[in-house]
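Scroll down for the structure; my scribbles are underneath it.
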Amino acid sequence: MPPLYTATHMSIPVYVKRGKRPGPTLFVSAAIHGDELNGIEIVSRLISSKSIEKLRGTLIAVPIVNVYGVLAQSRYLPDRRDLNRSFPGSKKGSLASRLAHLFFNEIISKCDYGIDLHTGAIHRSNLPQIRANLDDLEVLEMAKAFGIPVLLNADIRDGSLRQAASDAGVKILLYEAGQALRYDEFSIRAGVRGVINTMRHLGMLNKSRSKGHDIRRFIARESGWVRASESGFVNHLAQLGDHVYKGDILATIADPFGDHRDNIVCPAEGVVIGKQNIPLTQEGEAIYHIAYFKRPSSVAEHVGILQDHLLPDDQPVT
């Protein structure tokens, strides 16, 4: 990687564990956006977990891809480019393009499968969810194996790691959970558990002997953002994981004197999978991300079951 101004050399931390028995190669990456920290802790707990001791195949775990961004507590690279819009990159391009090229050629292209860990952007939270090409049957089975209720059949963004990996024949999941610059214990535990579940599904780990909780999976093929119709101060009524109906008031907007200006109204029945956290908004700003399911009440119920299962005490998932 290019050095800092001080000629201090930079490097991407990479953990590689090779099993004694043959199997697939899986990469798990975090912090492609430098302010998305949950994934760093997920990777940390994963590589110290006893569950991966009897590994088959190879695990390549990268806790920090965008080292520059993490140091600056920024989503972006020093050149203000988004690394996750720069793949597969170029050896002679911008800083973002060169870093994408390095990571793609040294890590992604050498793998059969991948799990890319993300959070919401600054001032936004995401409910734990898998985003993937669920029309690919192998990817769909991986997504189901991850073990969380919300699966979103998401379009691939140009220049993303997921696009480059898919084009290279790597089957990949994107895990979204929590918010930028914050640890969220539920999201972290669900992520560690999900990666290990996926590794078991791929034959890299022995199947679990415990029955576990019966968490059903639900696929949303559509989702959309509900935007503010006025500028002002937001009082949130709906929260992540809520089952909401068409016509429900999700939040109210007031002026600085506390006088009501408008309501943010749900356009259709669904489940809240993302929301803005900051209590200020501008007209047109995205406030709630709603996913549309055939049985949204069941989705909300199973999100609650998973949360109760993962947060019964203060012990981390292993």
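The values are calculated or read from the model by the stated rules, or taken from the named source; none is laboratory data. Note that the structure is a prediction, hence the values are computed from the model and not measured. No Cβ is skipped: glycine too gets one built from the backbone with ideal geometry, and neighbour counts run over all protein chains shown. Heads up: the accessible areas ignore ligands, DNA and RNA and are worked out on the full protein's heavy atoms, side chains in. Shrake-Rupley method; radii C 1.70, N 1.55, O 1.52, S 1.80 Å.
The table below lists the values:
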quantity: Peptide ranges 171-178, 241-248 listed from the most packed, as the mean C-beta count within 10 angstrom indicates; calculated: 171-178, 241-248
quantity: Amide proton proximity set for Leu280, modelled H, under 5 Å, gap of 5+; calculated: Val234
quantity: Amide H contacts of Gly120 (H built 1.01 Å from N, under 5 Å, at least 5 apart or other chain); calculated: Asn126, Ala177, Gly178, Gln179, Ala180
quantity: Nonlocal amide H pairs with Gly114, under 5 Å, H built at 1.01 Å; calculated: Phe27, Lys171, Ile172, Leu173
quantity: Net charge contributed by nearby residues that have their C-beta within less than 14 Å of Gln282 (K/R +1, D/E -1); calculated: -3
quantity: Portion, in percent, of the accessible area of the chain that falls on carbon or sulfur, probe 1.4 Å; calculated: 48 percent
quantity: 0 to 90° range, to nearest 10: angle between helix 296-310 axis and the chain longest Cα axis; calculated: 60 degrees
quantity: Rounded to 10°, Cα long-axis angle of helix 185-201 versus longest principal axis of the chain; calculated: 50 degrees
quantity: Share, in percent, of DSSP beta bridges within the range 17-99 that are antiparallel, nearest 5; calculated: 25 percent
quantity: Integer Hz, Karplus 6.51/-1.76/1.60 couplings in order for the range 261-273, x for Gly and Pro; calculated: 10, 6, 10, 9, 10, 6, x, 6, 5, x, 10, 6, 10
quantity: At 1.306 mPa s and 10 °C, Stokes D of the chain from Kirkwood alpha-carbon radius, µm² per second; calculated: 78 µm²/s
quantity: Set Lys17/Lys207; Lys50/Lys144; Lys50/Lys275; Lys20/Lys144; Lys17/Lys275 screened for pairs whose C-alpha atoms are more than 25 Å apart; calculated: Lys50/Lys275; Lys20/Lys144; Lys17/Lys275
quantity: Most to least packed among 273-284, 65-76, 35-46, 257-268 [average Cβ atoms within 10 Å]; calculated: 35-46, 65-76, 273-284, 257-268
quantity: Helical contribution to [θ] at 222 nm, DSSP H n ≥ 4, -39,500 (n - 2.57), averaged over the chain, rounded to 500; calculated: -7500 deg cm²/dmol
quantity: Scaled radius of gyration (Cα, divided by 2.2 N^0.38 Å) that the range 1-111 gives; calculated: 1.12
quantity: Solvent-accessible area per residue for the chain (1.4 angstrom probe, square angstrom); calculated: 47 Å²
quantity: Centre separation in Å (Cα based) which lies between the range 150-218 and the range 80-98; calculated: 25 Å
quantity: Ordering of 189-202, 81-94 by packing [mean C-beta count within 10 Å, highest first]; calculated: 189-202, 81-94
